[in-house]
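To keep things clear, I will list the structure first and then write my remarks on it.
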Amino acid sequence: MTATSALIDLTSVRARVSAEEWETRVDLAAAYRLVAHYGWDDLIFTHISARVPGPDHHFLINPYGLLFTEISASNLVKVDLEGNVVEPTPYFVNPAGFTIHSAVHAAREDAKCVLHLHTRDGVAVSCQKDGLLPINQTAMLICDEVAYHEYEGVAFDLDERPRLVADLGEKKAMLLRNHGTLTVGENVPEAFLAMYFLERACATQIAALAGGAAQLHYPSREVQELVTRQARGVPQVAKLAWAPQLRMLDAKDPSYKN
């Protein structure tokens, strides 16, 4: 495919998709840009996927080989549950990278967006025997929603999917042992806010442990349980928190909407 035909294909995307799909594309592209903004990206690796509104089990994911700062609404690739490209595009995807995402999307109707990262702090906590500790407010807000999945090697093997899904259960977040972090949401803003809390909690834990585990102060069990109950309203603020993120991106570089 020539550069000219590739450009034509991408500039026509908005005209040939539904308004609902375009909105999902813009939100997903924004999530990629925000991951880069917060320094959570890992070169061209890791993925964020979102289900395309409608009856088909189709999903949007990043073109393999682009930086997250290059992702836009038009260059996202539409795939099926096996990672096969279902619409013309000048780009391709990493099928192995969709193993984790396809497992969660297939098993969880509510998981419209799946976000997976390899950040330094997230991976570090995933390597710690006790996982995420309830030592700060952000961690306590999400600890009850964090699942754990044992490391089985690079996620090339589709046979891992049933075990990953079983470990995730109905929770909204997961620490992939020795690997990274994962969150899901009914939409992109929910999945992003869950990841923001998870990554923030992990970063705070790594900083706190710099003084030694013996120096950690744990709130009482009663307070931990109170914060867990208080956390039930957190998903409702996802869109409220999302709007200023988009304003920030618009001021910084609005090309994610192209």
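Details
- Site pair Gln224 and Arg163 shows an inter-label distance of 2.7 nm when each label is modelled 7 Å from Cα along Cα→Cβ.
- Computed label-point distance, nm, for sites Ala251 and Arg16 using a 7 Å Cα→Cβ extension: 3.7
- Exposure proxy ranking, count of Cβ atoms within 10 Å, fewest first, for Glu70, Glu21, Glu109: Glu109, Glu70, Glu21
- Residue ranges 240-249, 207-216 sort as 240-249, 207-216 when ordered by packing (mean number of other C-beta atoms within 10 Å per residue, highest first).
- Listed from fewest to most Cβ neighbours within 10 Å, the set Ser102, Ser49, Ser18, Ser255 follows the order Ser18, Ser255, Ser102, Ser49.
- The stretch 138-194 shape via C-alpha gyration tensor axes, a/c threshold 1.5: prolate
- Cross-link pairs exceeding 22 Å between alpha carbons, from the set Lys112/Lys252; Lys78/Lys239; Lys172/Lys252; Lys112/Lys239; Lys129/Lys239: Lys112/Lys252; Lys78/Lys239; Lys172/Lys252; Lys129/Lys239.
- Neighbour counting of Cβ atoms within 10 Å sorts the residues Leu67, Leu182, fewest neighbours leading, into Leu67, Leu182.
- Förster-model FRET efficiency, 51 Å R0, Tyr64 and Asp130, C-beta, rounded to 0.05: 0.90
- Virtual spin-label span in nm between Ala210 and Asp56, 7 Å along Cα→Cβ: 4.9
- Sum of -39500 (n - 2.57) over DSSP H runs of 4+, divided by residues of the chain (222 nm, nearest 500): -13000 deg cm²/dmol
- In this Cβ point-charge picture (+1 for Lys and Arg, -1 for Asp and Glu), the stretch 18-257 has a dipole of about 620 debye about its Cα centre.
Taken together, the values in this text are just the output of simple stated rules run on the coordinates, not laboratory data. These numbers come from a predicted model, not from an experiment. Note that we place each Cβ from the backbone using ideal geometry, even for glycine, and neighbour counts take in every protein chain shown.
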